[in-house]
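I have placed the structure first, in the form of structure tokens, so that the comments after it can refer back to it.
The values are calculated or read from the model by the stated rules, or taken from the named source; none is laboratory data. Note that this is a predicted model, so its numbers are computed, not measured. Cβ placement follows ideal geometry from the backbone for every residue including glycine, while neighbour counts extend to all protein chains displayed.
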Protein chains: 2
Amino acid sequence: MNHLISSKPIPLSHLRIQDNFWSEYVRLVRHVVVPYQWEALNDRVEGAEPSHAIQNFKIAAGLKQGEFYGMVFQDSDVAKWLEAVSYLLETGPDPELEAVADGVIQIIAKAQQADGYLNTYFTLKEPGNKWTNLAECHELYCAGHMIEAAVAYYQATGKKLILDVACRLADCIDSVFGTEEGKQKGYDGHQEIELALVKLYHTTSQKKYLRLSQFFLDERGQKPDFYEMEFARRGHKVHFPALDMVHDKAYSQAHLPVRQQKSAEGHAVRVVYMCSGMVDVALETGDQELLEACKSLWRNIVTKRMYITGGIGSSAYGEAFTMDYDLPGDTAYAETCASIGLIFFAQRMLQIEADSEYADVMEQALYNTVISGMSRDGRRFFYVNPLEVWPDACDRNANVHHVKSERQGWFGCACCPPNIARLLASLGRYMYSLQNRIIYTHLYIGSDVSMSWEGGDEVRLVQDSRFPWEGAVRFEITTRKETEFTLALRIPKWCRAEAGLMLSINGEEAAYEGLMIKGYVHIHRRWQSGDVVELLLPMQISRVRGHPLVRETIGKVALQRGPIVYCLEEVDNGANLHQIILDKQAVEEVQFESELLGGVPVITVPAQRVQATDWEGQLYQADSEVQTIPVTARFIPYFAWANRGRNEMSVWVKEES
Amino acid sequence: MNHLISSKPIPLSHLRIQDNFWSEYVRLVRHVVVPYQWEALNDRVEGAEPSHAIQNFKIAAGLKQGEFYGMVFQDSDVAKWLEAVSYLLETGPDPELEAVADGVIQIIAKAQQADGYLNTYFTLKEPGNKWTNLAECHELYCAGHMIEAAVAYYQATGKKLILDVACRLADCIDSVFGTEEGKQKGYDGHQEIELALVKLYHTTSQKKYLRLSQFFLDERGQKPDFYEMEFARRGHKVHFPALDMVHDKAYSQAHLPVRQQKSAEGHAVRVVYMCSGMVDVALETGDQELLEACKSLWRNIVTKRMYITGGIGSSAYGEAFTMDYDLPGDTAYAETCASIGLIFFAQRMLQIEADSEYADVMEQALYNTVISGMSRDGRRFFYVNPLEVWPDACDRNANVHHVKSERQGWFGCACCPPNIARLLASLGRYMYSLQNRIIYTHLYIGSDVSMSWEGGDEVRLVQDSRFPWEGAVRFEITTRKETEFTLALRIPKWCRAEAGLMLSINGEEAAYEGLMIKGYVHIHRRWQSGDVVELLLPMQISRVRGHPLVRETIGKVALQRGPIVYCLEEVDNGANLHQIILDKQAVEEVQFESELLGGVPVITVPAQRVQATDWEGQLYQADSEVQTIPVTARFIPYFAWANRGRNEMSVWVKEES
């Protein structure tokens, strides 16, 4: 096996976020989201759907009486919460939180069975049916999340209890699945175990975990079909009758061996989790074929199947991809978790190849869909992130019942809120990566980070950033002695063609064009303490158009400024946003409104609004003139919508032709 | 009870259609559709879904062994077929067809039980559960269709066997339902019995049938809720788990007493069948409150919830109305049966009030959605009539799975094909109506019709029409002696404002403006044999716009010429019809193409087509110019689409702003 050359994220313990925009999110995660979710997992949030997830573990541990309640994958909510907690603890000490986590870990450890098996649904509800319904029942998915949590907790605290639980669980899985005689040649209906096992391999250096991950990936989509075999073995029992997981193989990407998959099909979260695992394995094994498959899937997603907000999944049915260029705005699914998974995928691709296109998409998904998924107070969440909402229709037209016009407190299927928490708690891992003596800067987030190289060189890098509202970024290097390394700064696609892009080093403007490699300006020098690099990334307002094959966007534009996609909201523009047509030549204006939505730049554009005068009692009119009045369309950042009550929203807006 | 003054249709036996356009449909119904459907009902159509409907009756009659198969309302397919046959027989003799029908009637009569009960599903499958699930199981709906068939067959042939069956069935129903002690105060989940009982009353003069119809209407939506009471009584058994018919009361218009319903809610076919029954009862009883409810529902449908094609029902879920101005084109349901029901409703409103707006809608639904429902060879049918189709999406996006891009041979739920057959077989009943000495002409269809009045006056009216392709219509009167009456000719809304509208009597142009009453030119005179009235209704091409509250249509136009709505098809315009933008000021041209689709006028319009040059590998572009090339958009009549293979179609087309 050949490792691919890769850059690695910087451990959270070496990085502190100090950012005008993101510090508030980090604070929210620590002080609101994680505590709130702890309450939710313990069924103490009034008015929210019950979780019962902690209770399930307590019952399985023999600490409580009762029955399992919840989805078959309820355990994963606890694991994701624990993973988020781990990142918080890695970032900074919190003895109280750590004590709570230790308590949960004790319960989890007690719930594990003697053979290493750990899953409260099967333990409590179907003890005789373990490993009989991989297609539908998420056993390995839950195991994967527990392993991710264990690795994170061990890294944060050095405590081994949960890591031991994870290893025994992985060993249990290893004893059941594999190519050897007597083992099942199967794989899970929801990918997750694959990337988790690679993390466990990194932490324990046990190659068997990497091999097991590789096995699950290689087995997927092979003939004879595993789902159908186990379906026959269990007497055709179906767990989720609303979907046809056994036969709709593309739903879980089991329609083809993974190396042969060229387009993103089926459940969007599953696709990007799978791709993340594929990159992980390719990175460790140097498997170029696997890497090529990752690239094909990446290319298909980002050039044909992704919303401008970084959302993926065009259909509520199956929470799934549909087909190339099919990107309806009002019926979109664009699940928060899917964009988080896309970020996982992008971050891993970046490790293999520092090409800014991966970071561009990461930024796009993060600043738009992901943070749209949470309310400004950290207490309410979107599962679905549509690009156009007509609230009355959400109530009355079944095609858009899945779209909510206001964020919800919790969900029966609560995958998204803890996923947001674990992503934001580990945001530091997405900002930089290190490869030899190159420091790649992927995201411009104010931070203070320390690095050391072989030979004892130590560097501290303090980033000041005015993102996402202004493109001014400043890096100051502190080092004990002159140190040679490369600072590679991403030039985002949204500003690359703009006038005003400027790099300066120690106050002197520097040419950057010759330093560009795959979207990163590589500044190589012998750095001295106190060196300052400044970057000005002009944030012009762009009118973005969709590919002419996208039916939804033709004749329309979306406004983007920097990484932020904008939208119209009814509260600012009145109802019936579809009546607004932007003037083609008009100049957009931007003004920062510090009192609005925590402080956001608002964009205004001269526009026309179609009027409904002379229409009384008529639904159709022949040869009538379109009546319009001039209006000013007022746009806010997409992520901030739905914080001012139930109302219409639209990202894509008509433009005069 | 006070009858409302009304006009009455002319019996089919007094009318013969001789029309350039419609004679072919009449021929198709007689020689293809009805025979084909007979084969389908007998499960002899290869590749089509089995019906088993005749078999069910044979088994129930004790003539065959076997089990019931099909939907709970499978019987109604036989009844609708028999009704269509009756209209054909009333129009002209066909001993062979009559013999087949007599044979079916023998079987039906044998399947009727001693107490008059007749329903093969309950007889064969749930004999103990009769009248226990009105909400879901269509017992009275099936009875209604059988009654309609019986009335039609009796009128056509004078044979009483099936009428006796219908009366015994109605008497059986009367013994079970009513306000009297010991009877059920209930009503059917699918309206149909109401209008059928009024027909039975007309034929038998038995007032009890009218009272029973009135009872069912009055009971609907009252408290305590009948559906819930019977649901409790049957132990909460559910027949159609996919819908929630018991609790979703608006689905079957049981959310309010019918007199309080102001908007069209729920299943579209049910709404218009109910309204038809309401008009029937109002007409007989003079019930103004009931009539006002009909008018409110009519107004709501035609001014807020109807597609330009006369289609109704915006949502596949529940085949239902959704809300005002919610008229999506691609996810439309617009069931063929619903437009047929809208025609039933319109025709009845016309009887009460000869206002051309009812006939305009009748014409709109007939020439567009209804005949779109059938292929040009009479062998394939649309259930769903969308306004925009992207065939690949129909396969791959669940939101449009219900949309077919090609007509189907038969359906498991085969309501639409026999409904088209019975409508087209009785088309003569929709063309004229008589009130005292006024002959209202609602539809311009070449025909030869005889009328007689009290006093022995007889008039023969021969209509020549070049509809729907040209607006030239000619009437010649033949009468034995000079006869005084009014010929009232509808001036369709689509030409009322046009220059060139011309009326002439015996070759001399006549002023018509002063003769207009509610959209009809009333020509009153003492007519002599050989008198000729000519009407020229200019068919200009109109660019029709939707109300500015309709999201789907804003910025777009539909082309209409005369009663015909046009559409773009991929076969004429290439794929990606959404890329076509009509030039605003350009002049449309029309040319009759005799070889195309049986001969249709084709409309061409200069347009621009958005190009996808310079988009390789990009899904979004900032601040790029829209590239277009000039093209000629080629439109065909909407009803004729999908006769040249699977392809895209669009009614609403963008227009330069």
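In table form, for the structure just shown:
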{"read-out": "Options A:276, A:263; residue that is hydroxyl-bearing (Ser, Thr, Tyr) and assigned to a helix (DSSP H, G or I)", "value": "A:276"}
{"read-out": "Candidates B:428, B:446, filtered to the one that is within 18 Å of residue B:91 (Cβ to Cβ), away from every other protein chain (no Cβ under 14 Å) and in contact with an Asp or Glu (Cβ under 8 Å, 6 or more places away or on another chain)", "value": "B:446"}
{"read-out": "Search result, residues across segment B:361-385 that are touching a residue at least 60 places away in the same chain (Cβ under 8 Å), of a type in the set (Gly, Ala, Ser) and in contact with a helix residue (DSSP H, G or I) (Cβ under 6 Å, 6 or more places away or on another chain)", "value": "B:372, B:378"}
{"read-out": "Single residue of segment B:319-332 satisfying the filter (more than 18 Å from residue B:557 (Cα to Cα) and more than 18 Å from the chain's Cα centre (by Cα)) that is farthest from the other protein chains (Cβ to nearest Cβ)", "value": "B:324"}
{"read-out": "Scope segment A:174-222; condition among the β-branched types (Val, Ile, Thr) and closer than 20 Å to residue A:270 by Cα; matching residues", "value": "A:193, A:198"}
{"read-out": "Contacts under 6 angstrom Cβ, first residue in segment B:542-560 being within 7 Å of chain A (Cβ to nearest Cβ) and farther than 12 Å from residue B:308 by Cα, partner in a strand (DSSP E or B) and small (Gly, Ala, Ser), 6 or more apart", "value": "B:542/A:622"}
{"read-out": "Test result for residue A:273, farther than 20 Å from residue B:619 by Cβ, touching an Asp or Glu at 6+ places or on another chain (Cβ under 9 Å) and within 14 Å of chain B (Cβ to nearest Cβ)", "value": "no"}
{"read-out": "In segment B:589-631, the residues that are of a type in the set (A, V, I, L, M) and either away from chain A (no Cβ under 14 Å) or in contact with an Asp or Glu (Cβ under 7 Å, 6 or more places away or on another chain) (or both)", "value": "B:590, B:596, B:597, B:600, B:602, B:603, B:605, B:607"}
{"read-out": "Pick from segment A:359-380, criterion in contact with a Pro (Cβ under 7 Å, 6 or more places away or on another chain) and either buried (at least 24 other Cβ atoms within 10 Å of the Cβ) or hydroxyl-bearing (Ser, Thr, Tyr) (or both), ranking: nearest to residue A:431 (Cα to Cα)", "value": "A:363"}
{"read-out": "Those residues of segment A:309-318 which are surrounded by fewer than 24 Cβ atoms within 10 Å (Cβ to Cβ) and either in contact with a strand residue (DSSP E or B) (Cβ under 7 Å, 6 or more places away or on another chain) or more than 9 Å from chain B (Cβ to nearest Cβ) (or both), in sequence order", "value": "A:318"}
{"read-out": "Residues of segment B:187-227 satisfying the condition of being hydroxyl-bearing (Ser, Thr, Tyr) and touching a residue at least 40 places away in the same chain (Cβ under 8 Å)", "value": "B:187, B:201, B:203, B:204, B:213, B:227"}
{"read-out": "Wholly within segment B:355-464, helices (runs of 4 or more DSSP H) carrying at least 2 residues that are at pLDDT 95 or above and closer than 22 Å to residue B:26 by Cβ", "value": "B:356-364, B:416-425"}
{"read-out": "Count of residues meeting criterion [over 16 Å from residue B:173 (Cβ atoms), touching an Asp or Glu at 6+ places or on another chain (Cβ under 6 Å) and not hydrophobic (A, V, I, L, M, F, W, C)] in segment B:86-121", "value": "1"}
{"read-out": "Among residues of segment B:412-434, those that are touching a Lys or Arg at 6+ places or on another chain (Cβ under 7 Å) and surrounded by fewer than 21 Cβ atoms within 10 Å (Cβ to Cβ), counted", "value": "1"}
{"read-out": "Top-ranked residue of segment B:297-308 - restricted to ones that are of a type in the set (Val, Ile, Thr) and within 16 Å of the chain's Cα centre (by Cα), ranked as farthest from the other protein chains (Cβ to nearest Cβ)", "value": "B:301"}
{"read-out": "Scan of segment A:2-59 for residues that are of a type in the set (Val, Ile, Thr) and under 23 Å from residue A:103 (Cα atoms), ordered by number", "value": "A:29, A:32, A:33, A:34, A:45, A:54, A:59"}
{"read-out": "Residue match in segment B:521-538 (condition: outside the structural domain of residue B:590 (by TED's automatic domain parsing), of a type in the set (Gly, Ala, Ser), more than 20 Å from residue B:358 (Cα to Cα) and assigned to a strand (DSSP E or B))", "value": "no"}
{"read-out": "Residue, nearest to residue B:131 (Cα to Cα), within segment B:77-120, restricted to residues that are without any contact (Cβ under 8 Å) to a residue 24 or more places away in the chain and assigned to a helix (DSSP H, G or I)", "value": "B:103"}
{"read-out": "Scope segment A:465-517; condition touching a residue at least 40 places away in the same chain (Cβ under 8 Å), polar (S, T, N, Q) and either out of contact with any Phe, Trp or Tyr (no Cβ under 8 Å at 6 or more places or on another chain) or assigned to a loop (DSSP other than H, G, I, E, B) (or both); matching residues", "value": "A:478, A:486"}
{"read-out": "Inter-residue pairs, beta-carbon under 8 Å, first in contact (Cβ under 8 Å) with a residue 12 or more places away in the chain and in segment A:597-612, second crowded, with 20+ Cβ neighbours inside 10 Å and of a type in the set (Asp, Glu), 6+ apart", "value": "none"}
{"read-out": "Conditions (1) more than 9 Å from every other protein chain (Cβ to nearest Cβ); (2) small (Gly, Ala, Ser); (3) touching a strand residue (DSSP E or B) at 6+ places or on another chain (Cβ under 7 Å); number of the one not met by residue A:346", "value": "(3)"}
{"read-out": "Among residues of segment A:328-358, those that are touching a Gly at 6+ places or on another chain (Cβ under 7 Å) and crowded, with 23+ Cβ neighbours inside 10 Å, counted", "value": "9"}
{"read-out": "Output for segment A:212-241, where each listed residue is assigned to a helix (DSSP H, G or I) and surrounded by fewer than 17 Cβ atoms within 10 Å (Cβ to Cβ)", "value": "A:228, A:229, A:232, A:233"}
{"read-out": "All helices (runs of 4 or more DSSP H) inside segment A:1-61 with 2 or more residues being farther than 26 Å from residue A:427 by Cβ and modelled with pLDDT of 95 or more", "value": "A:53-60"}
{"read-out": "Any hit, segment B:289-296, residues being more than 14 Å from the chain's Cα centre (by Cα) and within 14 Å of chain A (Cβ to nearest Cβ)", "value": "yes"}
{"read-out": "Failed item in (1) away from chain B (no Cβ under 12 Å); (2) over 22 Å from residue A:311 (Cβ atoms); (3) in contact (Cβ under 8 Å) with a residue 24 or more places away in the chain; (4) not aromatic (Phe, Trp, Tyr), with residue A:581 passing the rest", "value": "(1)"}
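Here is a yes/no grid of residues against (1) buried (at least 18 other Cβ atoms within 10 Å of the Cβ); (2) among the hydrophobic types (A, V, I, L, M, F, W, C); (3) closer than 26 Å to residue B:86 by Cα:
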| position | (1), (2), (3) |
| --- | --- |
| B:113 | no, no, yes |
| B:144 | yes, no, yes |
| B:170 | yes, yes, yes |
| B:189 | yes, no, no |
